[in-house]
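Comments concern the structure below.
The values are calculated or read from the model by the stated rules, or taken from the named source; none is laboratory data. Being a predicted model, the structure only gives us computed values, none of them experimental. Cβ sites come from the backbone with ideal geometry, for glycine too, and all protein chains shown count toward neighbours.
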Amino acid sequence: MAKVVLSGNEAVARGAYEAGVHIATAYPGTPSTEILENIGRHYPEVYAEWAPNEKVAVEVAMGASFGGARSLAAMKHVGVNVAADPMFSFAYTGINGGFILVSADDPSMHSSQNEQDNRQYGKFAKLPVLEPSDSQEVKEFVILGYQISERFNTPVIIRLTTRVSHSKSVVELGERKEVPIKPYVKDPAKYIVMPHHARLLHRELEERLKKLKAFSEATEVNRIEWGNREIGIVTDSISYQYAKEVFPDATVLKLGMVFPFPDKKVRELAAAVEKIYVVEENEPFIEEHIRMLGIPCIGKDKVPILYELNQKRVREAFFGKSKREEIDISDLPPRPPALCPGCPHRSVYYAAHKLKLTVTGDIGCYTLGTMPPLDAMDTCICMGASIGNAFGLELAQGKNFSKKMIATIGDSTFIHSGMTGLAEVAYNKGITTVVILDNGVTAMTGGQQHPATGKTLRGETTRKLDFVALAKAMGIEKVYETDAYNLKEVKERLKEATTADEPVVIVNKGKCILERRGEKFVPFAVDAEKCIGCKICLGLGCPAISFDKEKNKAQIDPILCVGTACTLCSQVCPTEAIGEMEGK
Amino acid sequence: MMDRPTGILAVGVGGQGIILATEILSELALSAGFDVKKSEVHGMSQRGGAVLAAVRFGEKVYSPLITEGEADYLLAFEKLEALRNINYLTPDGVLIANNREIYPAPVAAGLMDYPSDIEERLRKCAKNLVLLDAMELAFKAGHPRTLNVVLLGVLSTFLKIPVELWEKTIRRRVPGKAIDANMRAFHLGREQRREE
């Protein structure tokens, strides 16, 4: 078969296709998003959808498994926290059709709020964990995962990391093997986890783990690659690649299945080599297990627990810092990310900054509202936290404090886990102001559909969630829509809402500018004769606007500016110096 | 002992076509019969931040990453990013840099200055330097978006991969209506090297 270069995420999609998966679901989250995007784009044989959140995704995939289908749910590491509740019960019930949960972890937090190590979930929920180290293995492990799932009656976790998900390597393609959907058979003792069933199910689960441990001892994905006998390295995931590069001649125990742990293979290695090094990212998951067996090893004493590894960090961990002279670049200006030119979120953060509001934030592009000069965010914790955080601040600091505060949350994030927060505010007599930043897409992860866009993952027309009607149904009377590009309206509405003695919901509407790339806009320019160099427009934090110190004038980059789509700079300019470029 | 893989690091600003350039490079390496790996960082970098993508190819490649001192070629789409990533270059490495400036947010806001001595510092740090106005060549080729292929054109004169294979791979990966402009961009890039 053909050889192609695929990312780890593309290889998950390919593996699901070849394994005959019927149903795949996910909530987007870096670094996992492209798994479902690729299934949606390339493999019509597999049903593919965006779920409102990761918990729903797992519940749907679980139901599909009960219904005899092979199913898959994909998410980023923190998404597994959201989905943990059904996952722990799923470990008890076991499966009917095979099930895989793909957890894409983010060591170094390239696009995340923490670097939790989800190998721990395997041990915690008592589920087998597979860890591929390149794209070919990703594809093979997906196929193997379904075999394990169905042979042992268990959900299976495949744990990726950013560098497995987003690095590309060579994959040999195979054919899809169709798997028939099994019949659904009513079985309350299996599918109803009420206490007297669950007690028996837990007993079965412990028996299953023993069998899985025997499998882990025997499987080829846990293998010793014999080299010299001075050093034996135990490693997993992408760390294997770094270890092989740094220690090309060492003996390596490569763990493709880290839970249940293959004790005998480690003992075999320990008997044959002089010393054992453990090369793993973040937590000492493997190391602790080896130590528990009474085998001495060198791991986190040398290998950093913080941030992702690479060949340089592994080399320096064991051989010390390289003596290479570094060229000093510490004086260079940084290049931080910013809200895009024309971003519809800008008006809310600009107004909040001007009104000196306390702003609880949430997870999405709009977290960038914290960057100077907007500097308009106080908290950002996890998906949906903005609303609960705001109400808690209100309870602690009182209603007058709350009258200078807003919660800001994106449309997709609100559906993910903001709705319950809003119910809390309405129910417990809050006066919190909630601004739903409705840009009509899940933007941060690259523009995915969600239940309020009116389109499915595959672009079919569907029902559309109505934020205004939803807020009203919760009992909130003051619900408004604002035009994200009308700064005066946004500011006035925020002022009014924050001073009200009741909860207010503002739906700030403006389509994500990245979703409007096909449209023609006339860029704006600065009339140098009218510009007085007051720098007010710079307060918008728009990447297209810069300041020419020599001329003491603002200037606008016509390639970056979306002008007529946005107009915010012309609205803040006190001398009407900004407008459409002449001659266009 | 195997030969160390060849490392190419592409750096610049979101939206400059860096990811596509490295996609083309990895397909090229595969069709030339090499093992190849590629890595990049997604997420926050898409919002106007710095972008970094790496391609490594050779007989066998383990790590998909390029760390400091491992880039045989540094392909810089923007001048400041060239200097920011200069420590990735091997001592004998080749720096191919677009001399255009894109202001980062602190410079645009007037809080910091765009360094005026970048070219001087690049000349001092990189033994092998090709500094060019790739944007002008891209416009000449017919579209500013062919910037990435101009830089690939320069790079192609250093790598021992047949020019026909480059052309074939670029044709396959760029949008259909942009093939001619990209072919012009590729050859304008190649001519840059000869003119030195």
Within the stretch A:558-576, is even one residue out of contact with any His (no Cβ under 9 Å at 6 or more places or on another chain), among the β-branched types (V, I, T), closer than 24 Å to A:S412 by Cβ and crowded, with 18+ Cβ neighbours inside 10 Å? yes
B:K140 fails exactly one of (1) over 25 Å from A:L560 (Cα atoms); (2) modelled with pLDDT of 95 or more; (3) of a type in the set (K, R), namely (1)
Scanning for something without any contact (Cβ under 8 Å) to a residue 40 or more places away in the chain, surrounded by fewer than 16 Cβ atoms within 10 Å (Cβ to Cβ), on the phi < 0 side of the Ramachandran plot and not hydrophobic (A, V, I, L, M, F, W, C), does the stretch A:346-362 turn up at least one residue? no
Take A:G299 and tell me if it is away from chain B (no Cβ under 14 Å), under 31 Å from the mean Cα position of the chain (by Cα) and small (G, A, S). yes
For the stretch B:105-134, name all the residues that are closer than 21 Å to B:L147 by Cβ and out of contact with any strand residue (DSSP E or B) (no Cβ under 8 Å at 6 or more places or on another chain). B:Y114, B:I118
So which residues in the stretch A:108-137 are hydrophobic (A, V, I, L, M, F, W, C) and either within 12 Å of another protein chain (Cβ to nearest Cβ) or touching a His at 6+ places or on another chain (Cβ under 9 Å) (or both), if there are any at all? A:M109
Run down A:E54, A:E10, A:E37 and say which single residue is at negative phi and surrounded by fewer than 24 Cβ atoms within 10 Å (Cβ to Cβ). A:E37
Pick from the stretch B:78-98, criterion under 26 Å from A:E316 (Cα atoms) and at the interface with another protein chain (Cβ under 7 Å from one of its Cβ atoms), ranking: surrounded by the fewest Cβ atoms within 10 Å (Cβ to Cβ): B:N87
Only one of these is touching a Lys or Arg at 6+ places or on another chain (Cβ under 9 Å) and more than 10 Å from every other protein chain (Cβ to nearest Cβ): B:L75, B:L9, B:L20. Name it. B:L20
Just to be sure, is A:P183 outside any strand (DSSP E or B) and within 14 Å of chain B (Cβ to nearest Cβ)? no
Suppose we keep only residues that are more than 9 Å from chain A (Cβ to nearest Cβ) and at pLDDT below 95 within the stretch B:25-69. Which one would you say is surrounded by the most Cβ atoms within 10 Å (Cβ to Cβ)? B:V51
Can you give me the ranges of the strands (runs of 3 or more DSSP E) entirely in the stretch B:64-140 with at least 1 residues that are farther than 23 Å from B:E191 by Cβ? B:71-76, B:89-98
Within the stretch A:495-544, restricting attention to residues that are closer than 30 Å to A:L422 by Cβ and assigned to a loop (DSSP other than H, G, I, E, B), which residue is modelled with the lowest pLDDT? A:G541
Hey, A:K168 hits all of (1) surrounded by fewer than 24 Cβ atoms within 10 Å (Cβ to Cβ); (2) of a type in the set (K, R); (3) in contact (Cβ under 8 Å) with a residue 60 or more places away in the chain but one; which does it fall short on? (1)
For A:M109: the one exception among (1) on the phi < 0 side of the Ramachandran plot; (2) part of a loop (DSSP other than H, G, I, E, B); (3) not hydroxyl-bearing (S, T, Y): (1)
In the stretch A:305-339, which residue that is away from chain B (no Cβ under 14 Å) and under 25 Å from A:T162 (Cβ atoms) is surrounded by the most Cβ atoms within 10 Å (Cβ to Cβ)? A:F318
Are any of the residues in the stretch A:133-145 in the same structural domain as A:A26 (by TED's automatic domain parsing), outside any helix (DSSP H, G or I) and buried (at least 22 other Cβ atoms within 10 Å of the Cβ)? yes
Restricting attention to the stretch A:374-421, which residues are among the aliphatic types (A, V, I, L, M) and over 30 Å from A:I536 (Cα atoms)? A:I381, A:M383, A:A385, A:I387, A:L393, A:L395, A:A396, A:I415, A:M419
